[in-house]
Amino acid sequence: MCIFCKIVNKEIPNNTVLENEEFLCFHDINPACKIHVLIIPKAHYDSFDVTPPSVMKGLTAFTHQVAEKLGVKQSGYRLITNIGNDGGQEVPHLHFHLLAGERVGRLVGEK
Ligand code: AMP
């Protein structure tokens, strides 16, 4: 079972921002900026590449709610989803990174 599935199953603790039956948002353990949260479907999909559009539709609506709850709708935020090896994906469970709270840096990260 992947680490995010263990978080969903409450086998690993998390700092929850928002949750409903299908989706979960929690703080990244190693934040890259002032606000850095992860937004996931509770069901396991390896990455964006294999996630059905119907799930992405729900994830989009949930992400809007997260932005509202974090109070970043006016100031703005960046959404990233890494896909596979060249995308720099470390955890093979679809997730958005939501970065906010300060001006985030260049789009392409360090090597
Ligand atoms: P990615 O490289 O896109 O797969 O991102 C994986 C992210 O998961 C990284 O930013 C990690 O800091 C984060 N992460 C890994 N384990 C945990 C955990 N137990 N709780 C919260 N965030 C985690």
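If the viscosity is 1.567 mPa s and the temperature 4 °C, what translational diffusion coefficient in µm²/s does Stokes-Einstein give for segment 1-48 when Rh comes from Kirkwood over Cα pairs?
Numbers: Rh = 11.2 Å.
Estimated via Stokes-Einstein, D reaches 115 µm²/s.
For segment 1-40 and segment 57-90, compute the distance between their C-alpha centroids and round to whole Å.
Each part's Cα centre sits 12 Å from the other's.
For segment 15-111, which whole-number percentage of the solvent-accessible area (1.4 Å probe, protein heavy atoms only) is attributable to carbon and sulfur atoms? Can you show the working numbers first?
On the way: 3130 of 6200 Å².
The C+S portion of the solvent-accessible surface of segment 15-111 is 50 percent.
Per residue, how much accessible area does the chain show when a 1.4 Å probe rolls over the protein heavy atoms, in square angstrom? Please report the intermediate quantities before stating the final value.
Values: 7160 Å² over 111 residues.
That works out to 64 Å² for each residue.
Mind giving me the FRET efficiency for E22 and I80? R0 is 22 Å, r the Cβ-Cβ distance, nearest 0.05 is fine.
Values: r = 21 Å, r/R0 = 0.95.
Efficiency at R0 = 22 Å is approximately 0.60.
Just to confirm the filter: which chymotrypsin sites (Phe, Trp or Tyr not before Pro) across segment 1-103 are DSSP coil and have at most 13 other Cβ within 10 angstrom of their Cβ? Could you put the intermediate results ahead of the total?
Details: sites: F4, F23, F26, Y45, F48, F62, Y77, F96; in loops: Y45.
Loop-located and lightly packed - none at all.
Using all Cα-Cα distances in the chain, what percent lands in each 5 angstrom bin from 0 up to the longest?
2, 11, 23, 25, 22, 13, 3, 0
The values are calculated or read from the model by the stated rules, or taken from the named source; none is laboratory data. Because the structure is predicted, anything quoted here is derived from the model rather than measured. When we count neighbours, we look across all protein chains shown, and the Cβ atoms used for this are built from the backbone with ideal geometry, even at glycine. Heads up: the accessible areas ignore ligands, DNA and RNA and are worked out on the full protein's heavy atoms, side chains in. Shrake-Rupley method; radii C 1.70, N 1.55, O 1.52, S 1.80 Å.
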